Amino acid sequence: MRLRKRVLILVGTGEGRKLARQASQRGDIEAIASLAGRTRHPDIPIETTRVGGFGGVEGLREYLRGQQIEAVVDATHPFAAQISQNAAQAAQEAGIPHLRLTRPPWSPQPGDRWLEVSSYAEAAQRVPQVAGRVFLTIGRQELARFAQVRQVWFLMRMIDPPAADSPRPPGEILLARGPFSLDDERKLLQDYQIGAIVSKNSGGDATYAKIAAARDLQLPIIMVQRPAMPTGDCVSEIADVFDWLHGLGT
Ligand SMILES: NC(=O)c1ccc[n+]([C@@H]2O[C@H](COP(=O)([O-])OP(=O)(O)OC[C@H]3O[C@@H](n4cnc5c(N)ncnc54)[C@H](OP(=O)(O)O)[C@@H]3O)[C@@H](O)[C@H]2O)c1
């Protein structure tokens, strides 16, 4: 019998990186962190890290078996629906326990002017009716969906630059990684004379300041709702992950 439980942690958020770091420092867990490889400097200094896709459900299931993984913790982003669905199915097929760590979504507060939409396509369709200068904070992967929007200028913020030849709407690209302060977000919106924000409902503290700044300035937010996620065990705090693992007999 192993002394340490072999746990695969699917990383894709700040919480995921923190979980992986904490897990690697524990004596009862042998953590393997997995990254998609999208971010150039992912900031995850743990020794046992693997990078890149597994090859769908089948590839992940075979990885779990081959590496004798005993539990899977999915700490990817709430909009990363594919890997979350794959992880739930692969873990089930491999017969090992599976947990999702995810932040609760934001909910509108008094004074918020949210226009909730169910997809990026719907957000792109609604944008021209809402403002002429828009702060687009949905990451670089979805920029192309806004490339055909006419008569709107976009301030586009993301961590890494988009590929040089990828379609994108007119405007300016701002490279930055959160957390962002309320004062800075308010100033940014004012300096660029932004009339509306497009955001996904990521939840969490690191990028919430733009939501609060929009409230202060009475700006509308087109808020993209989260995609469907697999059912099953789910927690929102890192400590709960360790309790869950402990409950498995770690
Ligand atoms: N979508 C967002 O808004 C967003 C925001 C911030 C961070 N992220 C993070 O960026 C990564 C990619 O996002 P996405 O929206 O493209 O995800 P996705 O659509 O759910 O995943 C696409 C494919 O990327 C691979 N993949 C994703 N996460 C992985 C991980 N942690 N380890 C190994 N392979 C992984 C898988 O490839 P195979 O099928 O080949 O296994 C998956 O099928 C995710 O880890 C996510 O947490 C996403």
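A few remarks follow.
- Length available on full extension from GLU237 to GLN129: 0.36 nm per residue minus the Cα-Cα distance, which gives 35.0 nm.
- Helices in the chain, meaning DSSP H runs of at least 4 residues, each add -39500 (n - 2.57). Divided by all residues, the mean residue ellipticity at 222 nm is -9000 deg cm²/dmol.
- Helix 238-247 axis versus longest C-alpha principal axis of the chain: approximately 20°, rounded to the nearest ten.
- Selected from GLN92, GLY27, ALA75, residue furthest toward positive end of dipole (the chain; charges at beta carbon): ALA75
- Between 0 and 90 degrees, the angle of helix 81-94 with respect to the longest Cα principal axis of the chain falls at about 10 degrees.
- Straight-line reach from LYS210: taking Cα to Cα under 20 Å and skipping same-chain neighbours fewer than 8 places apart, the aspartates and glutamates in range are GLU15, ASP112, GLU116, GLU142, ASP160, GLU172, ASP183, ASP184, GLU185, ASP191.
- Accessible surface of the chain, 1.4 Å probe: 47 percent of it comes from carbon and sulfur atoms.
- On Cα atoms only, tilt of 120-130 relative to the major axis of the chain in degrees: 20 degrees
- Cross-link partners for LYS5 among the aspartates and glutamates, with Cα-Cα distance under 15 Å and sequence neighbours closer than 8 places in the same chain left out: ASP28, GLU30, GLU70, ASP243.
- The chain, dipole about Cα centre (Lys/Arg Cβ +1, Asp/Glu Cβ -1), debye to the nearest 20: 360 debye
- Taken over the Cα atoms of the stretch 113-224, the convex hull encloses 90 Å³ per residue.
- Looking at the chain, the DSSP beta bridges with both ends there are about 0 percent antiparallel.
- Modelled spin-label separation between GLU62 and ASP216, with each label point placed 7 Å from Cα along the Cα-to-Cβ direction: 5.3 nm.
- Given +1 at the Cβ of Lys and Arg, -1 at the Cβ of Asp and Glu and no other charges, the dipole of the stretch 102-142 around its Cα centre is 140 debye to the nearest 20.
The values are calculated or read from the model by the stated rules, or taken from the named source; none is laboratory data. The structure displayed is predicted, hence computed values, not measured ones. All Cβ positions, glycine included, derive from the backbone under ideal geometry; neighbour counts span all protein chains shown. Accessible surface areas use protein heavy atoms only, side chains included; no ligands, DNA or RNA. Shrake-Rupley method; radii C 1.70, N 1.55, O 1.52, S 1.80 Å.
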